[in-house]
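Peer 1: Before I ask anything, here is the structure I am working with.
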Amino acid sequence: MTVDLHLHTIASDGTMTPTELVAMAAKQGLSAIAITDHDTFAGISEGRAAAKAQRLEFIPGVELSAYFRGEDVHVLGYFVDEHDQLLNTKLKQLRESRELRAHRIVEKLSTAGVNLPWAAVENVAQGDALGRPHVAHALVQQGVVQTISEAFERYLGRDGPAYVPKFVLDLEDIFDVVHGAGGIASLAHPAHWGVGIETITTLKDRGLDAVEVWHIDHTPDDVEGYLEIARKLGLLITGGSDCHGLRKKQGVVLGTLDIPDDIVGPLFERAKEIRAGRQDH
Ligand code: AMP
Ligand code: ZN
Ligand code: FE
Ligand code: FE
């Protein structure tokens, strides 16, 4: 059986509801899933309830960003307690700054000669973590560009005229806050930054627990390489498609990666240990 531990819902920048994702995962015969929206837990309770009804193992998650050596590095927090106060305070701060940033992106678009009504962005973003994919989608709907990818290439990407950096947390902060909320921190899609064993060793020293080995953008060589690195460093392994529904060029990729289900047991074990440690305090 296979699993998929990296999924976005309409709570952030995906296009499927938690219930739709779970139904599709069950139909495909997956044994476990994790919902990992950017900066919000808004999809978790619906996802958990739907998964329970389908007898699918469910892991609550969240995807956070940090600047590390000049790059926007993503960290997945798994098994985090979605009621943890400090984590929720941080998430709220991140979501509020996303909203301000989206307004600034719209302003910059206007300066670049593209008039995008704010209502068009709000109309696309149904959840509470506003991101560039929503702005991109609105640009497609308004006929400014043909595709989401084109919106990133021409306007929203790092070198684009409407690029506004995102407010992010410090890497240490992410590790601390994830651990404080009883969770496990995994380095998302490491091939995006091409990080190797040296950098991952540094991250491990700072608190990283796991590496995302399987991802839609990882080649078979990446998978093999990161498996090897995780084994050498004694890190846990995770994997997921990073499905965003229809808001990414690969489309609905949920469950397409053949991620072995035996990665899940060790994650549950570690989460149990962390929880036991928290209760000792
Ligand atoms: P944000 O968190 O608002 O900076 O948006 C980042 C999200 O945009 C990522 O998680 C991806 O889902 C998406 N993204 C980044 N680059 C691209 C791209 N070139 N084409 C489509 N989606 C992208
Ligand atoms: Zn995303
Ligand atoms: Fe990511
Ligand atoms: Fe993601």
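The values are calculated or read from the model by the stated rules, or taken from the named source; none is laboratory data. Source: prediction; values computed, not measured. Virtual Cβ from ideal backbone geometry, glycine too; neighbours counted across all protein chains shown. SASA here: full protein model, heavy atoms, side chains in, ligands and nucleic acids out. Shrake-Rupley method; radii C 1.70, N 1.55, O 1.52, S 1.80 Å.
Peer 1: Determine whether residue 198 is assigned to a helix (DSSP H, G or I) and modelled with pLDDT under 95. Steps first, please.
Peer 2: Working: assigned to a helix (DSSP H, G or I): yes; modelled with pLDDT under 95: no.
Considered against the rule, which asks whether it is assigned to a helix (DSSP H, G or I) and modelled with pLDDT under 95, residue 198 comes out as no.
Peer 1: Output the qualifying pairs, or none if there are none: Cβ atoms under 8 angstrom, residues six or more apart or on different chains, first residue in the stretch 257-269 and within 12 Å of residue 3 (Cα to Cα), second residue among the hydrophobic types (A, V, I, L, M, F, W, C) and modelled with pLDDT under 95.
Peer 2: 261/1
Peer 1: For the stretch 44-81, name all the residues that are within 16 Å of ligand 2 (Cβ to nearest atom), among the acidic types (Asp, Glu) and farther than 16 Å from residue 194 by Cα.
Peer 2: Hit for the stretch 44-81 is 63, nothing else.
Peer 1: At least 3 residues that are more than 17 Å from residue 37 (Cβ to Cβ) and of a type in the set (S, T, N, Q) in each: list the helices (runs of 4 or more DSSP H) lying fully within the stretch 85-154 that qualify. Give the derivation first.
Peer 2: Numbers: elements: 85-111, 118-124, 132-141, 148-151.
By residue number, 85-111.
Peer 1: Could you pull out the residue among 10, 44, 35 that is in contact with a helix residue (DSSP H, G or I) (Cβ under 7 Å, 6 or more places away or on another chain) and either open to solvent by 30 Å² or more (accessible area, probe 1.4 Å) or within 16 Å of residue 271 (Cβ to Cβ) (or both)?
Peer 2: Working: 10 fails: in contact with a helix residue (DSSP H, G or I) (Cβ under 7 Å, 6 or more places away or on another chain); 44 fails: in contact with a helix residue (DSSP H, G or I) (Cβ under 7 Å, 6 or more places away or on another chain).
Result of the check over 10, 44, 35: 35.
Peer 1: Which one is surrounded by the most Cβ atoms within 10 Å (Cβ to Cβ), of the residues in the stretch 192-213 that are under 16 Å from residue 3 (Cβ atoms) and touching a Phe, Trp or Tyr at 6+ places or on another chain (Cβ under 6 Å)?
Peer 2: The initial filter retains those residues of the stretch 192-213 that are under 16 Å from residue 3 (Cβ atoms), namely 210-213.
From what's left, touching a Phe, Trp or Tyr at 6+ places or on another chain (Cβ under 6 Å): 211, 213.
Numbers: 211: 24, 213: 28.
Selected residue: 213.
Peer 1: Then there is this: Filter the stretch 247-281 for residues that are at pLDDT below 90 and among the hydrophobic types (A, V, I, L, M, F, W, C); which is surrounded by the fewest Cβ atoms within 10 Å (Cβ to Cβ)?
Peer 2: Applying the filter and picking the extreme gives 276.
Peer 1: Any chance you could count how many residues in the stretch 214-246 are without any contact (Cβ under 8 Å) to a residue 40 or more places away in the chain, surrounded by 14 or more Cβ atoms within 10 Å (Cβ to Cβ) and closer than 30 Å to residue 153 by Cβ?
Peer 2: Result for the stretch 214-246: 5.
Peer 1: Looking at residue 189, is it within 16 Å of ligand 3 (Cβ to nearest atom) and either out of contact with any Lys or Arg (no Cβ under 8 Å at 6 or more places or on another chain) or modelled with pLDDT under 95 (or both)? Show your work before the answer.
Peer 2: Values: within 16 Å of ligand 3 (Cβ to nearest atom): yes; either out of contact with any Lys or Arg (no Cβ under 8 Å at 6 or more places or on another chain) or modelled with pLDDT under 95 (or both): yes.
In short, yes.
Results for (1) within 16 Å of ligand 3 (Cβ to nearest atom); (2) part of a helix (DSSP H, G or I), shown as yes or no for each residue.
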position	(1), (2)
222	yes, yes
231	no, yes
237	no, no
247	yes, no
250	yes, no
253	yes, no
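Peer 1: Being open to solvent by less than 10 Å² (accessible area, probe 1.4 Å) and either under 24 Å from residue 264 (Cα atoms) or touching a Gly at 6+ places or on another chain (Cβ under 8 Å) (or both) narrows it down to one of 56, 91, 87, so name that one.
Peer 2: None of the others qualify; the one that does is 87.
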